[in-house]
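See below for the structure under consideration.
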Amino acid sequence: MCSTKLSARNDFMQEGFSRLWRGTNASLALAVPTVGIYMPCYDYFRNKMEGFTAEKSPTLTPYVPLVAGTIARSLACISCYPVELARTRMQAFKGTQRDVKLPGVWKTLVDVINPVKGSSNGQNYRMLWTGLGAQLARDVPFSAICWSILEHTRRSIFSFMGEEPRAGSIIGANFTAGFVAGAVAAAVTCPLDVAKTRRQIEKNRDRAMTMTTRQTLAEIWRDGGMRGMFSGAGARVGRAGPSVAIVVSFYEVVKYGLHNFHQQ
């Protein structure tokens, strides 16, 4: 955590207050479609699978959140990956002067496709999915772990409350379960997040296209050992816990409100 604080302080001193929010527009552009695909798909697959396993093989029902989370996250990740790539590159961008205008989402994506002005190549569009394998290698296990913990935790909380779910109890149960699940999943998958980031900011195009997640992890281990593998773990856990808690609790409250509205 000390290294995280030192990094944030150095960023502030070197490039000003705005540095701490670099890539926010890309994050917002990414969050809406990602959540819009991810959460409804997870609900759909979970409900379908639970109905099937309850009838055909009840012993498999506890594993439904893991499978549903894996499928839903894969769909959302593949669909929205170019914006995720732009966000990572924007956050890693370092201007040589304080008055250098930072690139936006569109400019960042154009530079990914055609880094040399005037160049064009049909295969350049593949660069928009540079590091997708590493992203999936991080997000799929994260989602599987997160939903497995979250579903069990919130059902236990609702069972302990022993009352008809209301808006307040829905927020409390989902926020608590989401915070715990997000923090644990982020800590476990931190090495994969480090590998994903390193691949996304790789500037050598040939190397970027041929790197694998396994090779990247081996390089990280060689360069920094265990400390390198879990670089930024504190910041990742500190972000993932509240993020999952807020998204899940907000989504479930909206579902609850819409359900009551249609019943009236």
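Bear in mind these aren't lab numbers, they're just calculated from the coordinates by the rules spelled out. Computed from a predicted structure; not experimentally measured. We place every Cβ from the backbone using ideal geometry, glycine too, and count neighbours over all the protein chains shown.
A few points about this structure:
- For the peptides 185-191, 49-55, 241-247, residues were scored by their other Cβ atoms within 10 Å and the scores averaged per peptide; the highest-first order is 185-191, 241-247, 49-55.
- Solution diffusion estimate, µm²/s, Stokes-Einstein, the range 163-264, Kirkwood Rh from C-alpha pairs, 4 °C, viscosity 1.567 mPa s: 81
- For the pair the range 208-254 / the range 121-171, the C-alpha centres are spaced 13 Å from each other.
- Cross-linked pairs 48/196; 107/255; 107/196: Cα-Cα separations exceed 26 Å for 48/196; 107/255.
- Orientation-averaged projection of the range 224-264 equals 3.0 nm² [convex hull of Cα atoms, one quarter of hull surface area].
- Grouping the Cα pair distances of the range 150-196 into 5 Å bins from zero gives a pair-distance distribution of 5, 22, 24, 17, 11, 9, 7, 5, 1 percent in increasing distance order.
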